[in-house]
Amino acid sequence: MKQLLNVARMGNPILRRKAEEVALARIPESEFQDFLDSMILTMHEYEGVGLAAPQVHQSLRVVVLHEEAGIANEGEQPLTVLINPRITVLTKDRSSMWEGCLSVPGLRGKVSRPNRIRLQALDRAGKTIQLELDGFAAIVIQHECDHLDGVLFLDRIENRQELAFEREFERYFRPELETEFEAEGENAAEEEEAS
């Protein structure tokens, strides 16, 4: 039976532990499937883009994703569950993005991560998933998989001046991002017209 789960917050030791792999035999068990449904329910309730099992007090290598993460399987259906995910970085190129976290409520920080990865995992039926991801999808996966290794996004911030409370982020940094986004859109439109 699915239920809303409590979200562990920074300072809880479970967020700093390396999570354990899920045995293949455990995946079809109803108790485990109910746990996956509970994770998805909790992610939606707290309006997260993703959620890792350690964030709900289970030291397991499991991640659930919202469709906003932009990750689809071969049938182009949004993925919701990744079990025992593994990431391979495919480029030295990096992207910086303002990240937040359900386990670190009220804070945002700018994090630089590789912007192209290969993901290998099992889905909730125990079938293998292999995808190459870039951009936002690659960033989301890396953020969630960090939780499986006891790493928080705060650990990855290089410039402490790019750390802000949510309210100040919205007031001082979001307008700057929107201006940058509009400028990028105009440049792309000009390049398209030129070609």
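Annotations for the structure displayed:
- Secondary-structure-derived ellipticity at 222 nm for the chain, considering helices only, amounts to -9000 deg cm²/dmol, per-run term -39500 (n - 2.57) for DSSP H runs with n ≥ 4.
- Modelled FRET efficiency - R0 41 Å, Ser30 with Trp98, Cβ distances, 0.05 increments: 0.55
- Within segment 1-40, the trypsin sites (Lys or Arg not before Pro) that combine a DSSP coil assignment with at most 12 other C-beta atoms in a 10 angstrom radius are Lys18.
- Gln3 versus Arg16: modelled label distance in nm, points set 7 Å from Cα along the beta carbon direction: 2.9
Laboratory data are not the source of any read-out in this text; all were calculated from the coordinates shown. What you see is a predicted model; the values in this text were computed from it and never measured. Every residue, glycine among them, receives a Cβ derived from its backbone with ideal geometry; neighbour counts consider all protein chains shown.
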